[in-house]
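In what follows, a single structure is set out as structure tokens and then discussed.
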Amino acid sequence: MAKQIHTSVPDRTQTSRRALLGGGLGLGLSVMAAASGLLVSASGARASDAAQRVADHFSSVKTMTGEFIQFGPNGEQTGGKFFIDRPGKLRFNYEPPSAVRVIADGKSVVIGNRKLRTWDLYPLNKTPLKLLLADRIDLSAKMVRDVREEPDLTTIVLGNKSIFGDSTISLMFDPKSFELRQWTIRDAQGKDTSVMIFNVQTGVEFASNVFKVPYDQVPKRRGAGDNR
């Protein structure tokens, strides 16, 4: 049976779910960022054990779906439905009037606009989404930049400068239920795009075409979109 998780959403997210950067493209743009250097948390061994338990719980949850609110770096808000099948697969359906879809199939991430009939493709392993969609988060690995533990939130900051450049992805968990609540991608300019998730179901099964990337519609690497 799927587990239902309910998370309250701040009132300000109810007032506006307008498309971000012309259709939710802020996530796609920030996806191309990544992390710098290695920082070691000073929380101590016991705190690290607690944080690893949070990470291990997340690693055990292979599938989830629910709703999201996305906050852009300039205060833009949009929402929709998300689908995750770890390792490697993700889909974002932005709600109207946005026509944007973001799909990861384990190898690639595509950002599409159904109205313009354009798709942009990126290697998944070159984006911070790879860290969110990894099979397991190992807090002893060099990609862990920081671990912050507070009474109401455990935050794990991930990144790898040699792979992703100068951006990070921060995963934020409820320290009691161990459930993922939000992630934030910080790009090379220090701008944040945050995704808050709620009404989450885990342990779900997806149709085989949910994470299908339309490679036949992606333009051959010439930089021009397919505007047919």
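No lab work stands behind these numbers, since they all come straight from the coordinates. It should be emphasised that the depicted structure is a prediction, and the values quoted were computed from it without experimental measurement. Don't worry about glycine lacking a Cβ; one is built from the backbone with ideal geometry, like all the others, and counts go over all protein chains shown.
Put in order of Cβ neighbour count within 10 Å, fewest first, the listed residues Ile185, Ile137 become Ile137, Ile185.
In sequence order, segment 53-64 has phi-based couplings of 5, 4, 5, 5, 4, 4, 4, 6, 8, 8, 10, 7 Hz under the Karplus curve 6.51 cos²θ - 1.76 cosθ + 1.60, θ = phi - 60°, and Gly or Pro positions carry x.
Exceedance of the 21 Å cut-off in Cα-Cα distance is limited, within the set Lys161/Lys212; Lys126/Lys161; Lys62/Lys142; Lys81/Lys176, to Lys161/Lys212; Lys62/Lys142; Lys81/Lys176.
Counting other C-beta atoms within 10 Å, which of Glu95, Glu150, Glu179 has the fewest, and how do the rest follow?
Glu150, Glu95, Glu179
Each residue of segment 191-207 was assigned a 3J(HN,Hα) from its phi angle through the Karplus curve 6.51 cos²θ - 1.76 cosθ + 1.60 (θ = phi - 60°); the sequence is 8, 9, 10, 10, 10, 9, 10, 7, 6, 8, 10, 10, x, 9, 10, 10, 5 Hz, with glycine and proline shown as x.
The ranking of Leu116, Leu158 from fewest to most other beta carbons within 10 Å of each one's beta carbon is Leu116, Leu158.
Over segment 110-166, Cα pairs under 8 Å with separation of 6+ residues give a relative contact order of 24 percent. In this structure the amide hydrogen of Asp166, modeled in the peptide plane, comes within under 5 Å of the amide hydrogens of Ala34, none closer than 5 places in sequence on its chain. For segment 93-108, putting each phi into the Karplus relation 6.51 cos²θ - 1.76 cosθ + 1.60 with θ = phi - 60° gives couplings of 9, 6, 6, x, x, 5, 10, 7, 10, 10, 10, 10, 10, x, 10, 10 Hz, in residue order, rounded to whole numbers and with x for Gly and Pro.
Using only the Cα atoms of segment 91-228, build the gyration tensor, take square roots of its eigenvalues as a ≥ b ≥ c, and label the shape rounded, prolate or oblate: rounded if a/c is under 1.5, else prolate if a/b is larger than b/c, else oblate. Here segment 91-228 falls in the prolate category.
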